[in-house]
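Here the structure comes first, spelled out in structure tokens, and everything after it is commentary.
Nothing in this text is a laboratory measurement; each read-out follows from the coordinates by a stated rule. Given the structure is predicted, the values throughout are model-derived calculations rather than measurements. With ideal geometry, Cβ positions are generated from the backbone for all residues, glycine too; neighbour counts draw on all protein chains shown.
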Amino acid sequence: MTPLPAGHPPLHSAVAQLYSAAVYGVPVAHGLMLAWVLFIVGLIGVLVRRNLIFILMSVEIMLNAAGLAFIIAGSRWGQPDGQVMFIFILAMAAAEVSVGLALVLLFNRRFRTLDTDAANRMKG
């Protein structure tokens, strides 16, 4: 448990744990575990879903998980590099959404569905 500032009255252990979490932030392991879980949820969504909109949303979840990992790592070492990388990831995600939604509109106009199995009928 983290020590309290000098002259601070003693706290109950649960309150002291909340105090230390508020002062020192989220532990690195917990943040990376959250990023890992988000990435796995996004990966499962990409592999299992057949609707193109849900696949694009799953890719966005994966990008946000990677950005969260960069921010957690940057905060661990006290460097702003993680936040800079997250801004690049957000810019890339915005570009991905614009191109992805344009492709979804073309796909829907051509096949009248958003089911990815309809891509088997594509001729190259």
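At-a-glance table
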quantity: Among A119, L56, H30 - extreme Cα towards positive end, dipole of segment 27-121, charges at beta-carbon; calculated: A119
quantity: Cα gyration tensor category, rounded, prolate or oblate, for segment 69-121 with a/c compared to 1.5; calculated: prolate
quantity: Spin-label pair L114/I87, simplified geometry with 7 Å Cα→Cβ offset, distance in nm; calculated: 3.2
quantity: Cα extents of segment 27-121 along the three principal axes, largest first (Å); calculated: 51, 23, 13
